[in-house]
1. Taking the alpha-carbon distance from A:LYS306 and a cut-off under 14 Å, which aspartates and glutamates remain once sequence neighbours fewer than 8 residues away in the same chain are dropped?
2. Describe numerically, in nm with one decimal, the distance between label points set 7 Å from Cα along Cα→Cβ at A:SER78 and at A:SER315.
3. Return one whole number: the accessible area per residue of chain A in Å², for a 1.4 Å probe.
4. Residues of segment B:86-105 that become at least 50 Å² less accessible with every protein chain present than in their own chain isolated, using 1.4 Å: which are they?
5. Rounded, prolate or oblate: which one fits the protein assembly as shown, using the alpha carbon gyration tensor with axes a ≥ b ≥ c (rounded when a/c is under 1.5, else prolate when a/b beats b/c, else oblate)?
6. What is the set of long-range amide H partners of A:VAL282 at a cut-off below 5 Å, with H atoms built 1.01 Å from backbone N?
7. Sequence gap of 8 or more, or different chains, plus Cα separation below 24 Å: how many lysine pairs satisfy both in segment B:26-190?
8. Want the number for A:GLN275 to A:LYS306: 0.36 nm per residue separation, take away the alpha-carbon distance, what's left?
Amino acid sequence: MTIHLYSYSSIFYIFVGTHIFAVLMKTRSIKGIYPSVKVNMGGVILDQPLPYRGLDMVDPFLLIHHWDDKLPGRQHQSKVGVGPHPHRGFTPVSFIFKGGVHHRDSRGHESIIYGGGTQWMNSGYGIVHSERPAKEIAQDGGDFELIQFWVNAPAKHKFDEATYQPLNASGTPKVTSSDGKVEVGVVAGEFLGKQGPIETHSQLLNLRLDLQAGGKMDIPLPSDYNAILYPLDGVLKLNGERAINAKDMTVFEMDGEGIHVEAIKDTRAIILAGQPIGEPVVSYGPFVMNSQREVMEAIRDYQAGKLGTLKEKFS
Amino acid sequence: MERRSFLKWSTTALAGGMSLPSLGSSLLPGAKTAPGLVEGFYQLPAAKGHVRHGLFNLQKLNQPALPKWLEVFEQHRFFKDGISESGSDFKTFTCAIEGEMITLGYDDQQVFIIQGEEVIEASDSNRAKNFQILRGASSIELEDGKESVIIVLEGKAVINDERFASGEFLVSDQRVRLTQQETHSLSVILYPS
């Protein structure tokens, strides 16, 4: 029995004052691996691992879009990125990896967040926003990379006032592995004593991982959270047994206390974990509601201008 | 009843802002000349498909064939699985009749109508003051003397003796009979007040 447990487990350490406790962690088994597919999102070609054919969502996560581009330069900012569009009923989040993203919205928020930072928007009752590469990247060219993922909002928060939380790289708490080769940015939720600064509508743990080749780390996850891992590049070994390639999304069973990651190559990855909301979901285009009627009401309110209007100003 | 010849736009999209001269050779003489079709029949551009997220906004179509009391907007198709087109997608059709917005939202199960603040789940043959929908295998006759626009949104329809496919529409002020034989067919008839 002891041998069996060990073969599916990993050891991690808890620091309490000056004492170090080694804890045997039962790792979660892999439920499925889903390769990204290319999609056209309003003219922008993206990698999309979620939704996947046969996998509509991993409650509360509805979508992962990976946008990796190299801008040629000599473009006006108004001609690049994603122009004004509405949302209601969920939280679109952008983790920025390269370049900068200029956010503007109908509630008056405007900010540019660069690599390592996060744009966290609760769309609530409704908002119209645009997401464009920063002006200097449009003009001078350069790398532009982000992941946008969607977190469903519980029904009781779907009609909240929309909010926007920008977070820079410097404001993102970091945890480093004992071998010094894995750095974890804690965006939302609590991880090994660090609290992510983002306020959320449901229980979440959202992490950014930067792993050097050979780096290893145990990632404890609350046992009642669904969990996803998505590597942007590189190769990872999970739980000591399974190699995961770039742009392949791994979904884990809720049968353990965490996962063990080891970088075969330098790798950047995200971990999205969250307590399932367990409510009906009707998701069409930019709206995520609990019924089809509510989607129609969102369309009605958007057409009536109730989600606000956004007139972008370009300098 | 006098027969006339008709013009039909090709399937080339007449998306917002596109001017008539840019159509070039896409303006084709039509072949449908059934009795009672007095104005002409045309085709709307295909609905814009959306993966999850999408880039949804309302774009008015520049469709010169439409009467002045009617504006039609780009149609949208929201993919059910968030990835690609399927028979269960949710679609919208939006127009403004004398400035009043009407949106139909429909999939293979149900039809919703938005008019003003109201969101109504439509029955098979809804009749409001300035529009009517025809859903499924059914037929109606339109009276003489009042201009109307008949748009086939889904499936096929027969107007008098002519077959109309999804996206095709007719402008008429004569007595016509609209018949649908497929359960998923959906047409909308729009009138000025």
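The values are calculated or read from the model by the stated rules, or taken from the named source; none is laboratory data. Here the structure is a predicted model, which is why all the values come from computation and not from measurement. Please note: Cβ atoms are built from the backbone with ideal geometry, for glycine as well, and neighbour counts cover all protein chains shown. Side chains included, ligands, DNA and RNA excluded: accessible areas come from the protein's heavy atoms. Shrake-Rupley method; radii C 1.70, N 1.55, O 1.52, S 1.80 Å.
1. A:ASP105, A:ASP160, A:GLU161, A:GLU297, B:GLU117
2. The modelled label-to-label distance comes out at 1.7 nm.
3. 41 Å²
4. At a threshold of 50 Å² (probe 1.4 Å), the residues of segment B:86-105 that become less exposed are B:PHE90.
5. Numbers: a/c = 2.62, a/b = 2.20, b/c = 1.19.
Prolate is the answer for the protein assembly as shown, as a/c is 1.5 or above and a/b outweighs b/c.
6. A:MET289, A:ASN290, A:SER291
7. 18
8. Taking 0.36 nm per residue and subtracting the Cα distance, the gain is 8.1 nm.
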